Each structure stands twice: as C-alpha cells, then as structure tokens.
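Step one of this worksheet: look at the structure below.
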Amino acid sequence: MDKSIEKDSRRRPRFSLALPVRVESHVNESVSWNEITRLTDVSAFGAGFKLHRPVKRGRLLQMTIPMPRQMRCYDFAEPQYRIWGLVRSCITKESSPKEENHSVGVAFIGKRPPQSYLDDPAKLFEISHQEEGQLWNIIDAPRQPDEALLPKELRRHSRFPIPANVIVEKIDAEGNVIDSEQTVSENLSLSGAAVFSMLDVEVGEFVRVKSEQYNVSIISIVRGRRIGQDNIPRLHVEFVDRFFPLEGIE
C-alpha cells in the first residue's frame, strides 16, 4: 500500500471520547468472541480501544458504539452505530493478565463487510484507498504482504526456528477432539506456526495447539499443508483466540 495513505490517515484528527463499544469477531459460524470496552480515541474514519485479547492485523471486527451523530456516515437516527473496522495495529503491553493490555487501532470500512468475508470470516484484508470524505475501501490481503516500509509494531509477526514440543488436536465444530498427535514445531511466531504433522486435516479446518512448555492452548486454523525436502509433512496454522507467549523473542 502507498505510504501516503498511511501518512494521510495519521493526519486525520481523532478525539478522546471514552465511549462504550462492543467489539465482535467471527472466525466461522461456531467460533466467535466479543468484548465490551471503551474507546480511547475516535474519528469519523477510525478508532482506538484496548482489549483483553489480541487481534491480528488485517482482521475485520464489528463495533457497536453510541457514536455522536455528527461523526457518523450513516444511520444518523439510530441509537447505536454499528460499523465494521479493519485492524490496522495491535500493540501488546506488559500488564496484569486481567487488564486490557492490547491497544487496537481500526479503520472504519462501512455498514457491511465484503462478500469474501462472509464466505470466509478468517480472511485477512488490507486498505486499498479512500475517497474524499468517505470510509476506507479494502481488498483481500495477499498471502505474503510486503511490510518492509511499516514500523515494526505494525508488521505481521516474524517466525522463529523454535522446536517446541506441542500437541495438535483435530477438533469438530463443537470443539470436540477427533484426533490428536504429539509433535514438534518447525517454527513459531506470536500469531502462527509450522508444525510437523501426520494428522488428516484440510486447509480451513480447525485444530487446537497445546504446549505444556509454554502453558498454552490455542484454537488455530490450518492455512496450508506441505511436504518438506525431508519428505515430512507440515501444517501451517494461524492462531485464532490468542497469541503464542513468545515475549522477548520478537
């Protein structure tokens, strides 16, 4: 994306209005979450708030806000303003586990998400452009986005060659374990991993990645399968409901 878009978005003034906001995220028909928090700042085209859980840059969220009517782009007579936003940043700060320690910034995209999101709520997006005085337009994010010009805190997370012992569980729509195996990761990042795996799972299916070493259990989406030069199959997974605890490594 053109750096001028990023610079232009930063020039737009935001106001410190601590309005309550309900934030909703859907991964598929059976996996979703919501939090009620307060805005830290807001404009007609975006907002900031803090959450207990992380969200990946590029994901879509739906927000319900008692927004002042002069800051809305539609639904001026409705008591609540329901709007979709694209996660532009999620910066995690050290704090108590009970505190909201993930500072999230979103760009407002409109009253409804694109059809490609309805087909696959786990899909990632990025900003394409903004017409004068209008909400942001988005496109599907490429598989390997070029983030060289972004500051470190806004980039998607780098992976590190960390061989961690993990258990991978294949789960159904209700979260029941269908199959499992004990294995090891080929690499890890805060938001995903590649693991050696013989499980019979397809791209788009859900697994649970568990690690006693890191004391974590994470719902994940299978993003890819491949066989390495050593003829051992790998699963590439994206963590959904939390980040992997690798603080201090990235």
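Each reported figure results from applying straightforward, stated rules to the coordinates on display, with no laboratory input. Please read all numbers here as calculations on a predicted model, not as lab measurements. Cβ placement follows ideal geometry from the backbone for every residue including glycine, while neighbour counts extend to all protein chains displayed.
Things worth noting here:
- Residues whose amide H lies under 5 Å from that of Arg234, counting only those 5 or more places away or on a different chain, are Ser197, Arg226, Ile227, Gly228; hydrogens are built 1.01 Å from N in the peptide plane.
- Sparsely packed loop sites in the range 14-94 (the GluC sites (Glu not before Pro) outside DSSP H, G, I, E and B with at most 12 other Cβ atoms within 10 Å) comprise Glu29, Glu94.
- Shape category assigned to the range 48-124 from the gyration tensor of Cα positions, a/c cut at 1.5: oblate
- Per-residue Karplus couplings for the range 222-238, computed as 6.51 cos²θ - 1.76 cosθ + 1.60 with θ equal to phi - 60°, are listed in order as 6, 9, x, 10, 7, 10, x, 5, 8, 6, 9, x, 10, 10, 9, 10, 10 Hz, Gly and Pro entered as x.
- The trypsin sites (Lys or Arg not before Pro) of the range 36-124 meeting both criteria, a DSSP state outside H, G, I, E and B (loop) and at most 12 other C-beta atoms within 10 angstrom of the site's C-beta, are Lys93, Lys98.
- Per-residue HN-Hα couplings for the range 85-93 [Karplus 6.51, -1.76, 1.60; θ = phi - 60°; Hz; x = Gly/Pro]: x, 9, 5, 9, 7, 8, 10, 9, 10
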